[in-house]
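The values are calculated or read from the model by the stated rules, or taken from the named source; none is laboratory data. Bear in mind the structure is a predicted one, so any value in this text is a computation, not a measurement. Backbone-built Cβ (ideal geometry, glycine too); neighbour counts: all protein chains shown.
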Amino acid sequence: MSDVLAVAEHRRGELRDVSYELVTVGSEVADATGGDLHLAVISGDVDAHADALNVEGVDTIHTVDHGEEFNHDVYAQVVEQLYDAVDPQVLLTPNSVNGLDYGPAVANALDLTYVSDAVGVEFDGSTLTATREMYSGKVETTTEVEAESVAVSIRSAEWPATEAAGDAGIEAFDAAVDEDAVKSTVKGFEEVGGGDVDITEADVLVSVGRGIEEEENLDLVRDLADALDATLSSSRPIVDNGWLPKNRQVGQSGKVVTPDFYIAIGISGAVQHVAGMKGAENIVAINTDPNAPIYDIADYGIVDDLFEVVPALIEEFEG
Ligand code: FAD
């Protein structure tokens, strides 16, 4: 029997989807050996977040009410203490900016083997097998770890979220946070030139690439996004040109997205772009080039001029 401790993530009052994905992975790993899944909810609106995360597969939720926002020094201390209290064999954290902030520090302090950015995790009680991707997803590697305890950071959007109601016990964990060791404080947030849009949370993305030619033509895709109640995203050249802010970029050096619909308009489907959107449920491509690589992964393709197709779609959906 091997227990799992997973650490939920929230940002600015909202639980991140990866928290529910961690439950999916965590319960699979715990179930493989008949162990329990423990979930840590640290800071933020802990009661509301614990209620929301009381989903199938979670055995115990540990809440630690300490400040509103993520804080590296608090998380590192609390996760270490929870780890000691729960004594799991596997520690799961998100492979996010926050998760990568405290996860390696905790693993180092606890002398755990650390595997980052897993897209697959299996465990038989003694060997943990993690799948990881290299070269923007072109190569998959398998990492086997035989150790008493392993820490794994998981890539978001690689597992389905668990949402069915559960019956976990919710316990307040009395963490002894050493305030002298808390060296940083969150003073506030400033959006970097992109407003408050989070393309990773959108159900429908209208994504635009270099085929749009001119900045003024972006209004066309904005109109389509409005007609579909969708969010606008883009490939990298659009961001490099300064036509859209960085937080709209999909891909290897942008965001990884998993919407229900991803509509790629004038995007060729370079491997660095595909790395960010291949997990979309349905991919629609509009491209004049029938040999564009985007068609290798598209569910639906319209081989035509976007300046003809997009106005027709707007008319269809607005009408
Ligand atoms: P293009 O490759 O120029 O494609 C434009 C497409 O539009 C073509 O396929 C063309 O047929 C089509 N088209 C042209 N006119 C029309 C029309 N009238 N109607 C319909 N179709 C038309 N890219 C990303 O997107 N995200 C990343 O995160 C990213 N990270 C990178 C990281 C590194 C280290 C490197 C080296 C590159 C990265 N790139 C990234 C860049 C990537 O390699 C590609 O250059 C980029 O994705 C191409 O963007 P695009 O598809 O918009 O442009």
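For the range 229-287, a residue qualifies if it is among the aliphatic types (A, V, I, L, M) and within 17 Å of the chain's Cα centre (by Cα), and the qualifying residues are Val250, Val256, Val257, Val274, Ala275, Met277, Ala280. Taken as a whole, the structure places Val150 among residues that are more than 23 Å from Val271 (Cα to Cα), more than 19 Å from the chain's Cα centre (by Cα), among the aliphatic types (A, V, I, L, M) and crowded, with 16+ Cβ neighbours inside 10 Å.
Checking every residue in the range 176-188 against the condition of being crowded, with 21+ Cβ neighbours inside 10 Å and closer than 28 Å to Glu21 by Cβ gives zero matches. Here the condition is being more than 27 Å from Met1 (Cβ to Cβ) and modelled with pLDDT of 95 or more; of Thr131, Thr113, Thr141, it holds for Thr141 alone.
The residues listed here are Asn282, Asn287; of these, the one that is over 26 Å from Val97 (Cβ atoms), at pLDDT 95 or above, more than 9 Å from the ligand (Cβ to nearest atom) and among the polar types (S, T, N, Q) is Asn282.
Comparison of Val79, Val115 shows that the only residue that is of a type in the set (A, V, I, L, M, F, W, C) and in a strand (DSSP E or B) is Val115.
Considering the range 4-29, the residues that are in contact with an Asp or Glu (Cβ under 6 Å, 6 or more places away or on another chain) and surrounded by 21 or more Cβ atoms within 10 Å (Cβ to Cβ) include one that is nearest to Val119 (Cα to Cα), namely Val18.
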